[in-house]
Amino acid sequence: MMSDLPFTFELDAPGFRPSHYDNHIRRTLSAMRGQYLDQAAYEALLAEGDAPLYEVYELNRPHVAGELLHGISIVHPGKVGEEYYMTKGHFHTVLETAEIYYCLHGQGAMVMETPEGEWAVETLVPGRVLYVPPRWAHRSVNTGDEDLITFFAYPGHAGHDYGTIEQQGFRKLLVERAGSPAIIDNPRWAR
Ligand code: F6R
Ligand code: ZN
């Protein structure tokens with residue numbers, strides 16, 4: 001088998017876009033239909049335009065065990081009603097796969113939960129590493145007023161299960177109350 005060559009790339013401030021990447025994914029408001037608590041605020045915002053919510057820069061590696069898929073995730077600042085801009089969030093299809101995040105810029109949080117009903121919210125600030133253990137669904141939320149930028153890496157065979165979260169969201173939501181982030185119960189969540 002032909003072996004790959006080692007490679008490097010740079011993540012320079014202030015933008016932290018990788019100097020080399022293979023895919024650039026952009027998600028806009030229309031991709032998040034049904035995910036925000038305040039449906040009226042969602043429709044009103046969408047009527048003004050399909051705003052960009054987050055972007056992912058990926059480096060192509062084979063989707064097999066032994067590889068590490070990695071890249072940069074950028075969640076833009078903003079809110080739908082009182083709920084902060086966030087990623088769709090997902091379980092890994094192979095539940096027993098972890099992920100590691102390193103926060104490079106901005107202010108935010110990772111909202112997480114397991115199929116067993118445990119939940120956790122960890123704050124993301126520049127310089128902080130977050131380990132998402134196997135079985136934990138994860139969603140990044142931007143609670144600040146600048147881009148939330150993270151580096152991520154996860155096993156090549158993990159896969160993404162978006163459907164479970166799309167059905168009723170996460171147990172907990174992150175909203176702004178009196179100018180600060182607050183964790184509230186998701187009324188749609190009923191597992
Ligand atoms: C990969 C991973 C991140 C997210 C990215 C966008 O397993 O967790 O790279 O893919 O932050 O979020 P989603 O994929 O939930 O739209
Ligand atoms: Zn993931």
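Taken together, the values in this text are just the output of simple stated rules run on the coordinates, not laboratory data. Given the structure is predicted, the values throughout are model-derived calculations rather than measurements. FYI the Cβ positions are ideal-geometry reconstructions off the backbone, even for glycines, and counts take in every protein chain you see.
Do you know which residues across segment 27-54 are within 11 Å of ligand 1 (Cβ to nearest atom) and surrounded by fewer than 18 Cβ atoms within 10 Å (Cβ to Cβ)? I'd like the intermediate steps shown before the answer.
Restricting attention to segment 27-54, the residues satisfying the condition of being within 11 Å of ligand 1 (Cβ to nearest atom) are 27, 31-32, 35, 53-54.
Result: R27, A31.
Being touching a residue at least 40 places away in the same chain (Cβ under 8 Å) and in contact with a Leu (Cβ under 8 Å, 6 or more places away or on another chain) is true for just one of H76, H90. Which residue is that? Don't jump to the end; show me each part of the working.
Numbers: H90 fails: in contact with a Leu (Cβ under 8 Å, 6 or more places away or on another chain).
When all the criteria are applied, what remains is H76.
For segment 113-126, which residues satisfy the criterion of being within 14 Å of the chain's Cα centre (by Cα) and either more than 16 Å from ligand 2 (Cβ to nearest atom) or touching a residue at least 60 places away in the same chain (Cβ under 8 Å) (or both)? Can you show your working first?
So the first thing to find is which residues in segment 113-126 are within 14 Å of the chain's Cα centre (by Cα), and the list is 113, 121-124.
Residues satisfying the conditions are V121, T123.
Return the residues of segment 129-146 that are buried (at least 22 other Cβ atoms within 10 Å of the Cβ) and either away from ligand 1 (no atom under 13 Å from the Cβ) or not in a strand (DSSP E or B) (or both); say none if nothing qualifies.
T143
In this structure, does E122 turn out to be in a strand (DSSP E or B), out of contact with any Pro (no Cβ under 9 Å at 6 or more places or on another chain) and of a type in the set (D, E)? Outline the logic, then answer.
Numbers: in a strand (DSSP E or B): yes; out of contact with any Pro (no Cβ under 9 Å at 6 or more places or on another chain): yes; of a type in the set (D, E): yes.
Answer is yes for this residue.
Here are some conditions: (1) surrounded by 15 or more Cβ atoms within 10 Å (Cβ to Cβ); (2) within 20 Å of V80 (Cβ to Cβ). F151 meets all but one. Which one does it not meet?
Among (1) surrounded by 15 or more Cβ atoms within 10 Å (Cβ to Cβ); (2) within 20 Å of V80 (Cβ to Cβ), the lone unmet condition for F151 is (2).
Search segment 160-190 for residues being out of contact with any strand residue (DSSP E or B) (no Cβ under 6 Å at 6 or more places or on another chain), outside any helix (DSSP H, G or I) and over 13 Å from W119 (Cα atoms), and hand back the single one that is nearest to ligand 1 (Cβ to nearest atom).
R188
Just a yes or no: is a residue in segment 127-138 touching a His at 6+ places or on another chain (Cβ under 8 Å) and touching a residue at least 60 places away in the same chain (Cβ under 8 Å)?
No, segment 127-138 has no match at all.
Rundown of residues vs (1) more than 15 Å from T150 (Cβ to Cβ); (2) in contact with a strand residue (DSSP E or B) (Cβ under 6 Å, 6 or more places away or on another chain), yes/no style:
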{"residue": "L95", "(1), (2)": "yes, no"}
{"residue": "I100", "(1), (2)": "no, yes"}
{"residue": "G117", "(1), (2)": "yes, no"}
{"residue": "L124", "(1), (2)": "no, yes"}
{"residue": "L130", "(1), (2)": "no, yes"}
{"residue": "P133", "(1), (2)": "yes, no"}
{"residue": "W136", "(1), (2)": "yes, yes"}
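Give me the pairs: first residue in segment 13-36 and closer than 23 Å to I165 by Cβ and among the β-branched types (V, I, T), second residue assigned to a loop (DSSP other than H, G, I, E, B) and more than 16 Å from ligand 2 (Cβ to nearest atom), beta-carbon distance under 8 Å, and six or more apart or on different chains, which are they?
The qualifying pairs are T28/D50; T28/A51.
Taking segment 140-183, which residues are in contact with an Asp or Glu (Cβ under 9 Å, 6 or more places away or on another chain), over 19 Å from S73 (Cα atoms) and more than 16 Å from ligand 2 (Cβ to nearest atom)?
Within segment 140-183, R171, K172, L173, V175, E176, R177, A182 qualify.
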